[in-house]
Amino acid sequence: MQTFTLYNPTKLTVGRGVNSKIGTEIARRGFGKVLLIAGGGSIKKNGVYDTVISSLTEAGVSAVEKWGVRPNPVLSLVRDAITLARDENVDAILAVGGGSVVDTAKAVAAGLHSTDIWASFESYKLITKALPLFVVLTLSATGSEMNGHSVVTNEHEKKKWSISGPALYPVVSLIDPSVQIGLPWRQTVNGVIDAMSHVMEFYFMGSNEEPSLALDEMLLTTLIATGDHLMATPDDYDARSHLAYCATLALNGISGVALSGGDWASHGLEHGISALYPEVAHAEGLAVTFPAWIDYHRKNGTKPELLARFARKVWGKETIEEAIDAMRAKYTSWGAPTRLSDLGVSEADIPKLSDNVAMMGTIGQLKKLDRTAIEVVYRLAL
Ligand code: NZQ
Ligand code: ZN
């Protein structure tokens, strides 16, 4: 195995009723005033907001609120929230919602220590200073609750880009899987597919890292089984917990141990889609780009042994062709898209999409994909 460092400072608590601990978790660390960041209102419908506010009040923590984060979160709201946090002199940030809310909160936390937060997205510089961040997660998908990444769209420049760094890890994240029981199926399955995609981004970098490869195969098969189970039984608390834990493990460092940081081309291809078509959810884009990216490597003869192992261990198939078909069939059975046309994207849109992604330079590590290769992969997704 290669030399590796595993770093994760986030305290994670998962269980029924844990959201009522948020006030004491913040107060015991000496913080008295937070900027609470939230999305479009789901937390008011499912009771999470009331639980959080009672917990903060009991612990003597005051809160200023910033609502309106939307899926595929945007830079303008990040900037507004930074101004509000400065004016109100808060000493910590509290995200209550899904990955978009958490990512917005991270960019705000970092933005309070920078003169122009977008410059950090453009420069790829590691974020080493940010206000402390606390998270109450209501949708398990991105792993943002226990990692140091944030993805935000600059809506004027149509760039969906990211920042990373040690200062972006939440101090504490709480997940009560029972609040995810009321999620629409579309959001649940998006969580399963996003988590699977994170595992696969690492897996395909493998060669002889047996513990990581075996762990990743376990995560993938558990996620597939849990997706099937939740489609039939959405109110099963244990299955919700399994999905929550697997989604966190998929992108908190553990699934990527000694796997060169992952490939991330499929994510780059997806971010191009949701930058130009913000109504497409992140995981819906991945359900289209990932099978196409695997197919690209199959055609190019990349790592045939690893592709065959993936086919066998994850999908119970003899060949990678059959595994790609099985993957698309599984996603379709879950109601997810698998082709660009399912997203309303046509062949004529491919050059524009490819130009957008190529603004990042090349993408991917297993093979660096330039503008021409990016277009080839999109065409495999038609
Ligand atoms: O806005 P509200 O009203 O809260 O509704 C949300 C939103 O409409 C709803 N929702 C959340 N919790 C709910 C709920 N509805 C009912 N009950 C609940 N308990 O779900 C909708 C989607 O939420 P969103 O936060 O957008 O979803 P997700 O968690 O999938 O986040 C996706 C974003 O994260 C980025 C994606 O690109 C995308 O922008 N990613 C972040 C990563 C990271 N930071 O590490 C890595 C990922 O690869 C990804 O790129
Ligand atoms: Zn993702």
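The values are calculated or read from the model by the stated rules, or taken from the named source; none is laboratory data. Every value quoted in this text rests on a predicted model; they were computed, and no experiment measured them. Note: ideal-geometry Cβ built from the backbone for every residue, glycine included; neighbour counts use all protein chains shown. Heads up: the accessible areas ignore ligands, DNA and RNA and are worked out on the full protein's heavy atoms, side chains in. Shrake-Rupley method; radii C 1.70, N 1.55, O 1.52, S 1.80 Å.
Details
- Filter result for T226 (touching a His at 6+ places or on another chain (Cβ under 7 Å) and open to solvent by 40 Å² or more (accessible area, probe 1.4 Å)): no
- Pick from segment 281-298, criterion closer than 21 Å to G191 by Cβ and open to solvent by 10 Å² or more (accessible area, probe 1.4 Å), ranking: nearest to ligand 1 (Cβ to nearest atom): H282
- The one condition in (1) in contact with a Phe, Trp or Tyr (Cβ under 7 Å, 6 or more places away or on another chain); (2) open to solvent by 30 Å² or more (accessible area, probe 1.4 Å) that M327 fails to fulfil: (2)
- Exactly one residue out of S76, S42, S54, S20 is under 27 Å from P184 (Cβ atoms), open to solvent by 10 Å² or more (accessible area, probe 1.4 Å), more than 26 Å from the chain's Cα centre (by Cα) and among the small types (G, A, S): that is S54.
- Test for G97: is it open to solvent by less than 10 Å² (accessible area, probe 1.4 Å), within 26 Å of A195 (Cβ to Cβ) and not aliphatic (A, V, I, L, M): yes
- A single entry from V61, V90, V96 fulfils the requirement of being more than 10 Å from ligand 1 (Cβ to nearest atom), within 26 Å of S162 (Cβ to Cβ) and modelled with pLDDT of 95 or more: V90.
- Flag if S274 is closer than 20 Å to E217 by Cα, outside any loop (DSSP other than H, G, I, E, B), within 13 Å of ligand 2 (Cβ to nearest atom) and open to solvent by less than 30 Å² (accessible area, probe 1.4 Å): no
- Lone qualifier among T104, T138, T142 - being closer than 21 Å to I82 by Cα and near ligand 1 (Cβ under 10 Å from one of its atoms): T104
- Considering residues of segment 229-255 that are surrounded by fewer than 24 Cβ atoms within 10 Å (Cβ to Cβ) and under 23 Å from K160 (Cα atoms) only, the residue farthest from ligand 2 (Cβ to nearest atom): G253
- If you go through segment 228-253 and keep only what is touching a residue at least 60 places away in the same chain (Cβ under 8 Å) and in contact with a Lys or Arg (Cβ under 8 Å, 6 or more places away or on another chain), you end up with just Y237.
- Considering residues of segment 145-180 that are open to solvent by 30 Å² or more (accessible area, probe 1.4 Å) and among the polar types (S, T, N, Q) only, the residue nearest to C246 (Cα to Cα): S178
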